[in-house]
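*Asks:* One structure follows; several queries about it will come next.
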Amino acid sequence: MKKVLLLPLLNSMPSGHHQVADAICESIRANTEKIECEKLDILSEWNIRVEQEIVKGYLGWIRRFPESYAWIYRQFAYRSKSERPHRVYEILFMKKVKDILHREQPDLIICTHGFSSLFINRLKESGECTVPAVNIYTDFFINDVWGRSHIDYHFVPSVKIKSELSSKYNIDSSRIFVTGIPISGKFLERDERKEGEPAEPFHILLSGGSVGLGNLAEMLKRSAKDLDCRVKVLCGANKKLYEEIKRIPGDFAEAYPYIASKEEMNTIYENSDAIISKPGGVTVSEAIRKDLPIFISSALPGQEQINLQLLNEMGLVFIIPDGEDALDFACRQLKDRNKMRNFREAAARYRGSFELADSRSMFKVIEHMLERS
């Protein structure tokens, strides 16, 4: 039996890196019983208490000092000119990575986080790892942490990124596949009954990401008395937000805790006319596949700010202006047939650019990689 080892990061936070890894595992298991999938977090394997403290520290940092986090991210992860921080990570974690590879003996390594890719790339460069490796990118750009030079295959979010990887890093384009950001196959089917223009009252999905960030309760309290719409709020792991939403009187808003079930989440998407969200890679990708207009109310510092810039350039999101009521703005745009048509055309162009358009086609390519290993 062949074995695929998937390497996301930060088990304590249900991030897009884990969701993409889970989507790949789901695809493999749905298509064969002859391939084993194992998902491991290098940091948790190294020290689970340290991993948990890092997650707490990260969340506190981006909440309290977002500008400093954005500056650090751009200096050391995006368009960085220094290798020194990366060397520190290698000194700390490389032995654990070697131990994991020796113990697991994978036939294919899939990295869904830049740090995992960095370590695997270094080991392949030195000849200490000969296992084929795949980068699956979970944002709409590639930061400078990701390993590139010795990674065998790349699943990229767009044609633009494929062109950049091929030209800038001299990577054979036949080893780069435009996939979008991979999501669960349970989100790929569209309900034909939902096609066409939405009708009032609009049903709007409001998301703060997996940890429920954003001033969502305040936003809803301002809008509850003035708007004829219904709102479903994804609170993630934020229990305080969940309780605040439940205390809003009437049936204007309905709160949901973190939803692990893809089937349940798919049903919520099917019964929504639009989503107000942060520009996280997986959430946006799910909405694009479900043809939901995407309104961006805020962006976390660092990677989400860069995602937002690229998504806006592609016409795939509506940016809510500063000072605007997010729900009121979304409702006004939903009434504009021209803007809705332009969004759907942009989303269709983006989906049409995928070389591997669904989980089955991605599985077939992964199966081929294993046959060659």
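The values are calculated or read from the model by the stated rules, or taken from the named source; none is laboratory data. Small disclaimer: the values here were computed from a predicted structure and weren't measured. A quick note on method: Cβ atoms are made from the backbone with ideal geometry, for glycine too, and the neighbour counts reach across all protein chains shown. Surface accessibility is based on the protein's heavy atoms, side chains included, excluding ligands, DNA and RNA. Shrake-Rupley method; radii C 1.70, N 1.55, O 1.52, S 1.80 Å.
*Asks:* Search the stretch 223-266 for residues being among the polar types (S, T, N, Q) and in a loop (DSSP other than H, G, I, E, B), and hand back the single one that is nearest to F187 (Cα to Cα).
*Replies:* Step one: list which residues in the stretch 223-266 are among the polar types (S, T, N, Q), which gives 223, 238, 261, 266.
Checking which are in a loop (DSSP other than H, G, I, E, B) leaves us with 238, 261.
Numbers: N238: 24, S261: 11 Å.
Per the stated criteria, the residue is S261.
*Asks:* In the stretch 354-367, how many are modelled with pLDDT of 95 or more, in a helix (DSSP H, G or I) and among the charged types (D, E, K, R)?
*Replies:* Selection size over the stretch 354-367: 2.
*Asks:* Quick one: how many residues across the stretch 336-359 are surrounded by 13 or more Cβ atoms within 10 Å (Cβ to Cβ) and more than 19 Å from R289 (Cβ to Cβ)? Spell out how you get there, then give the answer.
*Replies:* First, pick out the residues of the stretch 336-359 that are surrounded by 13 or more Cβ atoms within 10 Å (Cβ to Cβ): 339-340, 343-344, 346-347, 350-351, 353-359.
In the following step, the residues that additionally are more than 19 Å from R289 (Cβ to Cβ) were identified as 339.
Matching residues across the stretch 336-359 total 1.
*Asks:* So which residues in the stretch 135-154 are more than 18 Å from G180 (Cα to Cα) and crowded, with 21+ Cβ neighbours inside 10 Å, if there are any at all?
*Replies:* Correct list: G147, I151.
*Asks:* Right, next: Does I120 count as part of a helix (DSSP H, G or I) and surrounded by fewer than 22 Cβ atoms within 10 Å (Cβ to Cβ)?
*Replies:* In short, no.
*Asks:* Further question on the same structure: From K246, K221, K225, K262, grab the single residue that is at pLDDT 75 or above, more than 27 Å from S27 (Cα to Cα) and of a type in the set (D, E, K, R). Give the derivation first.
*Replies:* On the way: K221 fails: at pLDDT 75 or above; K225 fails: at pLDDT 75 or above; K262 fails: more than 27 Å from S27 (Cα to Cα).
From the options K246, K221, K225, K262, the qualifying one is K246.
*Asks:* Let me ask another. For the structure I just gave you, tell me whether K339 is touching a helix residue (DSSP H, G or I) at 6+ places or on another chain (Cβ under 7 Å) and either in a helix (DSSP H, G or I) or modelled with pLDDT of 95 or more (or both).
*Replies:* Values: touching a helix residue (DSSP H, G or I) at 6+ places or on another chain (Cβ under 7 Å): yes; either in a helix (DSSP H, G or I) or modelled with pLDDT of 95 or more (or both): yes.
Yes, satisfied.
*Asks:* Could you list all residues from the stretch 291-326 that are under 19 Å from I204 (Cα atoms) and touching a Gly at 6+ places or on another chain (Cβ under 8 Å)?
*Replies:* Restricting attention to the stretch 291-326, the residues satisfying the condition of being under 19 Å from I204 (Cα atoms) are 291-299, 316-321, 324-326.
Residues satisfying the conditions are S297, S298.
*Asks:* If you go through the stretch 315-329, how many residues are open to solvent by 30 Å² or more (accessible area, probe 1.4 Å) and touching a residue at least 40 places away in the same chain (Cβ under 8 Å)?
*Replies:* Within the stretch 315-329, residues that are open to solvent by 30 Å² or more (accessible area, probe 1.4 Å) and touching a residue at least 40 places away in the same chain (Cβ under 8 Å) number 2.
*Asks:* S126 versus (1) modelled with pLDDT of 90 or more; (2) small (G, A, S); (3) closer than 19 Å to V20 by Cβ: which is the lone unmet condition?
*Replies:* (3)
*Asks:* Restricting attention to the stretch 267-300, and to residues there that are open to solvent by 30 Å² or more (accessible area, probe 1.4 Å), among the polar types (S, T, N, Q) and in contact (Cβ under 8 Å) with a residue 12 or more places away in the chain, which single residue is farthest from A326 (Cα to Cα)?
*Replies:* N271
*Asks:* What pairs can you find where one residue is in the stretch 334-346 and closer than 14 Å to A199 by Cβ, the other is in a loop (DSSP other than H, G, I, E, B), and their Cβ atoms are less than 6 Å apart, with a gap of 6+ or different chains?
*Replies:* So the pair list comes out as L334/P198.
*Asks:* Can I ask one more? Scan the stretch 124-134 residue by residue and report those that are under 16 Å from I176 (Cβ atoms) and open to solvent by 10 Å² or more (accessible area, probe 1.4 Å). Spell out the reasoning first.
*Replies:* Here is the first cut: in the stretch 124-134, the residues under 16 Å from I176 (Cβ atoms) are 132-134.
Scanning the stretch 124-134 gives a single hit, P132.
*Asks:* Just to be sure, is F329 of a type in the set (F, W, Y), modelled with pLDDT of 90 or more and farther than 17 Å from V231 by Cα? Before you say what the answer is, go through the steps one by one.
*Replies:* Values: of a type in the set (F, W, Y): yes; modelled with pLDDT of 90 or more: yes; farther than 17 Å from V231 by Cα: no.
Judged against the criteria, F329 is not a match.
*Asks:* Still on this structure, please answer the following. Only one of (1) among the aliphatic types (A, V, I, L, M); (2) touching a strand residue (DSSP E or B) at 6+ places or on another chain (Cβ under 7 Å); (3) farther than 30 Å from E33 by Cβ; (4) in a helix (DSSP H, G or I) fails for L370. Which number is that?
*Replies:* For L370, the exception is condition (3).
*Asks:* List, please: which pairs have Cβ atoms under 8 Å, are six or more places apart or on different chains, and start with a residue in the stretch 23-38 that is under 14 Å from V365 (Cα atoms) and open to solvent by 10 Å² or more (accessible area, probe 1.4 Å) and end with one that is aliphatic (A, V, I, L, M) and not in a helix (DSSP H, G or I)?
*Replies:* Listed pairs, sorted by first residue: I35/M1; I35/V4.
*Asks:* So, of the residues in the stretch 300-321 that are out of contact with any Leu (no Cβ under 8 Å at 6 or more places or on another chain) and in a loop (DSSP other than H, G, I, E, B), which turns out to be farthest from V284 (Cα to Cα)? Spell out the reasoning first.
*Replies:* Applying the first criterion (out of contact with any Leu (no Cβ under 8 Å at 6 or more places or on another chain)) to the stretch 300-321 yields 301-316, 318, 320-321.
Those still in the list that are in a loop (DSSP other than H, G, I, E, B) too: 301-302, 314-316, 320-321.
Details: P301: 17, G302: 17, M314: 13, G315: 13, L316: 9, I320: 15, P321: 19 Å.
Ranking the candidates gives P321 first.
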